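Just so you know, all these numbers are worked out from the coordinates, no wet-lab data involved. All values reported here derive from a predicted model rather than from experimental measurement. Here Cβ is always computed from backbone atoms with ideal geometry, including for glycine, and neighbour counts include all displayed protein chains.
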Amino acid sequence: MSEFNYQAKTREGYVVQGVINAPNENTAVEILHNKGYVILSLGQVRAAFESDIGEYFSRPNNRDLATFTRQLATLIDADMPLSEGLRTLARQVDKKSFRKIITEIAEAVEGGSLLSVVLDAYPKLFSNFYVKLIQSGEVSGKLHESLSYLADYIERSQAINSKLRGALAYPAFIVFSLVVVTIIMTVWVLPELLNIFKESGITDLPITTRILIWITDFVNENFLFMSLTVICLTFLIAYFIKTPQGGVLLDNIKIKIPGLGSIIRNLYLARIAESLSTLMKAGIPILDSLRITSELVGNIVYKNIMNDAEESVKGGGTISAALTRYSEVPPLFSSMVAIGERTGKMDFILEHISKFYKAESENAVEGISQVLEPALILVLGVAVAGLVSSILLPIYNVVSGG
């Protein structure tokens, strides 16, 4: 929340001045106009730089947003005034940064601003999709219904993401542990063990042992160079991903990874269908719905597809005609959209498309977790067997020869 110094003229003709808190200048102007003031001057107070590490690490997440949205819907449905409901929620929020945001929203609403206008000043927390649905609820007088649906939407999205993270957490942990153990063994443990074979003068070492000696020597001789190379490559890749070309490449890779790509693609398709269906049901114009959906999907490839669909509709075409031009959109999806356009039941069709692709994603996630775990165990078993045989076989030969 920013502070603004203002000088204004009241309805009675008096000149007043003071300080007002608002998320941005437009909201400050709206609050003063709602008070009947004619603004003579308005300027933002430049506050000193403040750093709060605790506040930074306590930023609200999707779970906090879903809880806030659900509770606010309940309070409004119980006929509690909006500003009072916001104040009540601010008092019970544990996270300092989120409490501050809700308090600022409450102050702006008390000053006469619409909730949707105030939320729009926090784009990192409240997406355009969120703001538009709130705006629709304000216009229709069904704000609590919009809030209830938003809470359901956020919770469903979070549940799917949690399932995907849960399915990949175990494999990721195993792979990470394997890399760490390999580095420790190669740099500190194996050189001491393999020196025994070098000093003993044995010439007929098994092929696995010779390979292990070569890898160990190479890593230890070039460890610093390899570490610097990995660090530099990491920074270069991170920088490239932030560029437009890198973002497109990464998003293309996401949906084309063997096995996992189909799951991610289905999740994006479900998000597109559900978002578009919700916005259309809320009475948002089709062009606005397509634009908001493109911003919400979270993948540049599908964002461009939705932008193309928007241009198609602007030119008098159909959404399905644009979708059929892209291999990233399955024929089933575009065919169902075409049926919705012909029958005038687009929102109904899109809702069922969303449910179908969500179910497909969830089933695939469960299947991947069932396949990955035994596969990783097999890989670990082979790696351990190779390591043990490379060390124990030469030792056995030495003992037998002795």
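Values for this structure:
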item: Fully extended contour minus Cα-Cα distance, from residue 355 to residue 295, at 0.36 nm per residue; result: 19.5 nm
item: Neighbourhood charge, 11 Å Cβ-Cβ cut-off, centred on residue 303 and excluding it, Lys, Arg +1 and Asp, Glu -1; result: -3
item: All lysines inside 17 Å of residue 314 as judged from Cα atoms, apart from same-chain residues fewer than 8 positions distant; result: 303
item: Extension gain, residue 342 back to residue 219 (0.36 nm per residue minus Cα-Cα distance, nm); result: 37.9 nm
item: Enclosed volume per residue, in Å³, of the convex hull spanned by Cα atoms of the stretch 311-393; result: 118 Å³
item: Compactness of the stretch 225-301 as Cα Rg over 2.2 N^0.38 Å, two decimals; result: 1.49
item: Residue 17 versus residue 124: modelled label distance in nm, points set 7 Å from Cα along the beta carbon direction; result: 3.3 nm
item: Charge context of residue 37, other residues only, Cβ under 10 angstrom, K/R +1, D/E -1; result: +3
item: Loop-located trypsin sites (Lys or Arg not before Pro) in the stretch 258-342, at most 16 other Cβ atoms within 10 Å (DSSP); result: 325
item: Helix-derived mean residue ellipticity, 222 nm - over the chain, DSSP H n ≥ 4, -39500 (n - 2.57), to 500; result: -24500 deg cm²/dmol
item: Relative contact order for the chain, counting Cα pairs under 8 Å that sit 6 or more residues apart, in percent; result: 13 percent
item: FRET efficiency, 1/(1 + (r/R0)^6) with R0 30 Å, evaluated for residue 375 and residue 248 via beta carbons; result: 0.45
item: Largest-first principal axis extents of the Cα set of the stretch 87-166 (Å); result: 44, 32, 21
item: Rounded if a/c under 1.5, otherwise prolate or oblate - the stretch 245-402, Cα gyration tensor axes; result: prolate
item: Reachable aspartates and glutamates from residue 96, criterion Cα separation under 18 angstrom, eight or more residues apart if same chain; result: 50, 52, 55, 64, 104, 107
item: Degrees between helix 62-77 axis and first principal axis of the chain (Cα, 0 to 90, nearest 10); result: 30 degrees
item: For the chain, average projected area of the Cα convex hull in nm²; result: 28.9 nm²
item: Degrees between helix 300-314 axis and first principal axis of the chain (Cα, 0 to 90, nearest 10); result: 40 degrees
item: Full-extension gain in nm, residue 159 to residue 40, via 0.36 nm per residue minus C-alpha separation; result: 37.8 nm
item: Inter-centroid distance (Cα atoms) of the stretch 342-402 relative to the stretch 225-272, Å; result: 20 Å
item: Bins of 5 Å, starting at 0 and running to the largest distance - Cα pair percent for the stretch 2-44; result: 6, 27, 38, 21, 7, 1
item: Under 21 Å from the Cα of residue 142 - lysines, other chains or at least 8 residues apart; result: 132, 281
